[in-house]
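What follows is a single structure, written as structure tokens, with notes after it.
The values are calculated or read from the model by the stated rules, or taken from the named source; none is laboratory data. All figures in this text were calculated on a predicted structure; none of them were measured in a lab. A quick note on method: Cβ atoms are made from the backbone with ideal geometry, for glycine too, and the neighbour counts reach across all protein chains shown.
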Amino acid sequence: MERGLILTGGSARADLDLAVRAEEAGFDAVFSIEFFNRHGFVVLGAIAQATSRVRIGSAIANAFTRAPLLQASAALDLDDLSDGRFILGLGSATRRMNEDWYGVPFSAPAPRMIELVRLVRAAIEETGMGFTWEGSHWNLRVPMYGHPPAKGPIPIWAAAVNRGMIRACGVVADGLVGHPIATRRWHREVTLPLLRETEARHERAEGACRLAPYVITSIAQDRETALRGAKGQIGFYYTTALYHSILELHGMEEVGVACQAAFRKGDFKGMADAVPDDLVDEIAIACTPDEALDRLAAWEDLTDIPIVYAPTVGVSPERKAENEELILSSLGRGGAAA
């Protein structure tokens, strides 16, 4: 398996430092995140210049809060700066994020994602003079459009949790970025079958859309500390009803209800306590350093590129830094068996 890492440094400069250390540790790819206070592309320009081997990507950048040609131009610039190492990862985000955070309308996310990926791919591949797009959601006419060719095909990945967006990925994306809250069972019984079924229906090769799941990873010398960090992150995600479809598959709907109730009271400890150990085992790597490679291997039948993601909810800066260091030393190829 390749090994990816979500950059959770907390600032652009900290993410840059973490990316350099990840390359030195032997990770294969590093990925930026985007939030209301974090830009998904800017730091990747610096990382492209400070590294030489590791692939760089957005996992994910907001799909609908930028015009399509801004997504395409960002991809082309980062492809150029990284000498062909860039992966464009896009995600719809939730209605609340789009409307309340960015003031943009939100509708038909799965159909819009299909069209957006096709549009951005067409814009990246177009190197002549002029670009026209007539679709259901965008109509563009740029008479003098043109740019230098990309170094090679730029993979476009899309984030998905539930079935509609999984199918959208199967129609058009090169990769599906799996949500951190998804269990291995969810990917085995829902994500991958839907991807393969959709690929076949649209006459794509089997595996044309690769699964690249986030894997919440909490490593500590003390197993209880590791478990507590993973539970805090999982409990926080399950305060969102959108993700309860995963709990329904496991017959654990009461976990989501308990997490929501604790969150409403501001009880973050209770939120973490609501997450059972066996659910953590299905979602996360939460263990001591000597167990980490074996836990990572549990994902081998699902993906060839798990993306390791350090918890941040309820985690002190000191503990976050410790976890990042243990992730690099335990799961990187520098000091561990590959």
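Those residues that are touching a residue at least 40 places away in the same chain (Cβ under 8 Å) and surrounded by 24 or more Cβ atoms within 10 Å (Cβ to Cβ), I need them from segment 162-174; list them, please.
Ala168, Cys169, Ala173
Could you tell me whether any residue of segment 302-314 is at pLDDT 95 or above, surrounded by fewer than 19 Cβ atoms within 10 Å (Cβ to Cβ) and farther than 18 Å from Gly4 by Cα?
There is no residue in segment 302-314 that is at pLDDT 95 or above, surrounded by fewer than 19 Cβ atoms within 10 Å (Cβ to Cβ) and farther than 18 Å from Gly4 by Cα.
If you check Thr225, Thr198, which single one turns out to be β-branched (Val, Ile, Thr) and under 20 Å from Ser316 (Cβ atoms)?
Answer to the selection: Thr225.
For segment 249-269, indicate whether the set of residues that are under 20 Å from Val308 (Cβ atoms) and either over 17 Å from the mean Cα position of the chain (by Cα) or polar (S, T, N, Q) (or both) is non-empty.
No, segment 249-269 contains no residue that is under 20 Å from Val308 (Cβ atoms) and either over 17 Å from the mean Cα position of the chain (by Cα) or polar (S, T, N, Q) (or both).
Identify all residues within segment 252-278 that are buried (at least 22 other Cβ atoms within 10 Å of the Cβ), in contact (Cβ under 8 Å) with a residue 40 or more places away in the chain and in a helix (DSSP H, G or I); write none if there are none.
Scanning segment 252-278 gives a single hit, Ala272.
For residues in segment 148-163 being of a type in the set (Gly, Ala, Ser) and within 22 Å of Gly84 (Cβ to Cβ), which is nearest to the chain's Cα centre (by Cα)?
Filtering segment 148-163 for residues that are of a type in the set (Gly, Ala, Ser) and within 22 Å of Gly84 (Cβ to Cβ), the one nearest to the chain's Cα centre (by Cα) comes out as Ala158.
Considering each of Ala72, Ala110 in turn, give the residue that is surrounded by fewer than 20 Cβ atoms within 10 Å (Cβ to Cβ) and either of a type outside the set (Asp, Glu) or without any contact (Cβ under 8 Å) to a residue 12 or more places away in the chain (or both).
Going through Ala72, Ala110 in turn, the sole match is Ala110.
Name the residues in segment 285-309 that are in a loop (DSSP other than H, G, I, E, B), farther than 22 Å from Trp157 by Cα and touching a helix residue (DSSP H, G or I) at 6+ places or on another chain (Cβ under 6 Å), would you?
Across segment 285-309, the qualifying residue is only Thr288.
Going by the conditions given, is Thr191 buried (at least 21 other Cβ atoms within 10 Å of the Cβ) and among the β-branched types (Val, Ile, Thr)?
Considered against the rule, which asks whether it is buried (at least 21 other Cβ atoms within 10 Å of the Cβ) and among the β-branched types (Val, Ile, Thr), Thr191 comes out as yes.
Does segment 119-147 hold any residues that are aliphatic (A, V, I, L, M), touching a Ser or Thr at 6+ places or on another chain (Cβ under 9 Å), surrounded by 15 or more Cβ atoms within 10 Å (Cβ to Cβ) and farther than 16 Å from Asp80 by Cβ, and which are they?
Correct list: Leu140 only.
Filter segment 285-338 down to the residues that are over 21 Å from Gly232 (Cβ atoms) and among the β-branched types (Val, Ile, Thr) and list them by number.
Thr303, Ile305
Out of the residues in segment 209-247 that are charged (D, E, K, R) and over 17 Å from the mean Cα position of the chain (by Cα), state the one that is surrounded by the most Cβ atoms within 10 Å (Cβ to Cβ).
If we take residues in segment 209-247 being charged (D, E, K, R) and over 17 Å from the mean Cα position of the chain (by Cα), then Lys231 is surrounded by the most Cβ atoms within 10 Å (Cβ to Cβ).
Please pick out the residue among Phe64, Phe36 that is closer than 30 Å to His137 by Cα, surrounded by fewer than 24 Cβ atoms within 10 Å (Cβ to Cβ), aromatic (Phe, Trp, Tyr) and touching a residue at least 60 places away in the same chain (Cβ under 8 Å).
The match here is Phe36.
Can you find, within segment 75-88, the residue that is nearest to the chain's Cα centre (by Cα) among those that are touching a residue at least 40 places away in the same chain (Cβ under 8 Å) and within 11 Å of Phe41 (Cβ to Cβ)?
Only one residue tops the list, namely Leu88.
Determine if segment 15-22 includes at least one residue that is under 22 Å from Gly103 (Cα atoms) and either within 12 Å of the chain's Cα centre (by Cα) or part of a helix (DSSP H, G or I) (or both).
No, segment 15-22 has no match at all.
Would you mention how many residues in segment 34-62 are of a type in the set (A, V, I, L, M) and either out of contact with any strand residue (DSSP E or B) (no Cβ under 9 Å at 6 or more places or on another chain) or under 15 Å from Ile124 (Cβ atoms) (or both)?
3
Considering only residues of segment 76-107 that are of a type outside the set (Asp, Glu) and touching a Gly at 6+ places or on another chain (Cβ under 8 Å), which is surrounded by the fewest Cβ atoms within 10 Å (Cβ to Cβ)?
Across segment 76-107, the extreme among qualifying residues is Gly84.
Out of (1) surrounded by fewer than 23 Cβ atoms within 10 Å (Cβ to Cβ); (2) over 20 Å from Glu282 (Cα atoms); (3) touching a strand residue (DSSP E or B) at 6+ places or on another chain (Cβ under 9 Å); (4) not β-branched (Val, Ile, Thr), what's the single condition that is false for Ala158?
In the conditions (1) surrounded by fewer than 23 Cβ atoms within 10 Å (Cβ to Cβ); (2) over 20 Å from Glu282 (Cα atoms); (3) touching a strand residue (DSSP E or B) at 6+ places or on another chain (Cβ under 9 Å); (4) not β-branched (Val, Ile, Thr), Ala158 misses (1) alone.
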